[in-house]
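To keep things clear, I will list the structure first and then write my remarks on it.
The values are calculated or read from the model by the stated rules, or taken from the named source; none is laboratory data. All figures in this text were calculated on a predicted structure; none of them were measured in a lab. All Cβ positions, glycine included, derive from the backbone under ideal geometry; neighbour counts span all protein chains shown. Each accessible area value is taken on the protein alone, full model and side chains, heavy atoms only, with ligands, DNA and RNA left out. Shrake-Rupley method; radii C 1.70, N 1.55, O 1.52, S 1.80 Å.
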Amino acid sequence: MQGEGFLAGVPSVFVRLAGCPLRCRWCDTKYAWSKEAGRRYSTEQIVQAVQQWPCRFVVITGGEPMVDPDLPQLVRELKAAGKHITIETAGIAYIPDMPCDLMSISPKLSNSVPDEVKLAEIHKDSKLDLAVLKELIDNYNYQLKFVVNSVNDLTEIQDVLDKISNVDTSKVMLMPQAATKDELLTKSPLIAEMCKLAGFAFSQRLQVLLWNNKRGT
Ligand code: SF4
């Protein structure tokens, strides 16, 4: 089930692609950082596996799917199979002309910088690319989901939105940074207040609320 964003609660099949150049401090899919993680499947095998589920909605996530060279072919084949496709991305790479129904972009803020110096260096290089973000929102139906840790993040979010300049703010969501259900429930009231103040939507995280972020949910 999709747990986040405007499609939260919609039954969905998740396809997780391995490999991500970022190293976010609170990443809940560290097992997918390496390109060698998981198993190798052809796009045909993935489409067959997806079709075993009675869901029209497919979410391609990662890792970072937008750095996978096989992504365009996978999207085309899933679309040909009649699926509604969401791509979940940090917005660090642009690929044109994919028949994707929703580009779910989660730009990474300062709160995602890892503590470890070596990882922080890797992270810094590809954390935020405003030109890429602009291209994504200009060319795809999108939602912008910001992971928020504290009220201080609002200034940085506003700054990013100002720099991209043509963002439809009704598509902007704030989402609590939370690895556990308790953390989510503790932070949610503050994030909801921030949403009310800024005029953004609140994004639930049902995978944390219902299943405490257990792998595979
Ligand atoms: S971009 Fe996503 S997958 Fe990559 S490190 Fe950050 S949270 Fe994890």
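Among the residues making up the stretch 11-42, those that are more than 16 Å from the ligand (Cβ to nearest atom) and surrounded by fewer than 16 Cβ atoms within 10 Å (Cβ to Cβ) are 11, 39, 40, 41, 42. The residue pairs whose first member lies in the stretch 148-174 and is more than 19 Å from residue 127 (Cα to Cα), whose second member is open to solvent by 30 Å² or more (accessible area, probe 1.4 Å) and in a helix (DSSP H, G or I), and whose beta carbons are closer than 7 Å, counting only pairs six or more residues apart or on different chains, are 151/190. The C-beta contact set for the stretch 102-129 (first residue closer than 26 Å to residue 10 by Cβ, second residue within 13 Å of the ligand (Cβ to nearest atom) and among the polar types (S, T, N, Q), distance under 8 angstrom, 6+ apart or interchain) comprises 103/89; 104/89; 105/89; 106/89.
Within the stretch 177-217, track down each residue that is of a type in the set (Lys, Arg) and either surrounded by 13 or more Cβ atoms within 10 Å (Cβ to Cβ) or touching a residue at least 40 places away in the same chain (Cβ under 8 Å) (or both). Step through it out loud before you land on a result.
The initial filter retains those residues of the stretch 177-217 that are of a type in the set (Lys, Arg), namely 181, 187, 196, 205, 214-215.
Matches in the stretch 177-217: 181, 187, 205, 215.
Only one of the listed residues (125, 101) is modelled with pLDDT of 95 or more, open to solvent by 40 Å² or more (accessible area, probe 1.4 Å) and acidic (Asp, Glu). That residue is 101.
Comparison of 150, 165, 110, 188 shows that the only residue that is within 16 Å of the ligand (Cβ to nearest atom) and of a type in the set (Ser, Thr, Tyr) is 110.
Of the residues making up the stretch 68-91, those that are in a helix (DSSP H, G or I) and more than 16 Å from the ligand (Cβ to nearest atom) are 72, 73, 74, 75, 76, 77, 78, 79, 80.
Can you find even one residue in the stretch 105-118 that is assigned to a helix (DSSP H, G or I), closer than 21 Å to residue 16 by Cα and more than 18 Å from the chain's Cα centre (by Cα)? Working first, answer last.
Here is the first cut: in the stretch 105-118, the residues assigned to a helix (DSSP H, G or I) are 110-112, 117-118.
Filter once more, so that each one left must be closer than 21 Å to residue 16 by Cα: 112.
When the remaining residues are screened for being more than 18 Å from the chain's Cα centre (by Cα), the result is none.
No, the conditions are met nowhere in the stretch 105-118.
State yes or no: is residue 52 assigned to a loop (DSSP other than H, G, I, E, B) and away from the ligand (no atom under 16 Å from the Cβ)?
Working: assigned to a loop (DSSP other than H, G, I, E, B): yes; away from the ligand (no atom under 16 Å from the Cβ): yes.
Yes: the conditions hold for residue 52.
Of the residues making up the stretch 54-96, those that are farther than 17 Å from residue 21 by Cα and of a type outside the set (A, V, I, L, M) number 14.
Is the stretch 56-67 home to any residue that is open to solvent by 60 Å² or more (accessible area, probe 1.4 Å), away from the ligand (no atom under 13 Å from the Cβ) and within 29 Å of residue 135 (Cβ to Cβ)? Among the residues of the stretch 56-67, at least one is open to solvent by 60 Å² or more (accessible area, probe 1.4 Å), away from the ligand (no atom under 13 Å from the Cβ) and within 29 Å of residue 135 (Cβ to Cβ), which makes the answer yes.
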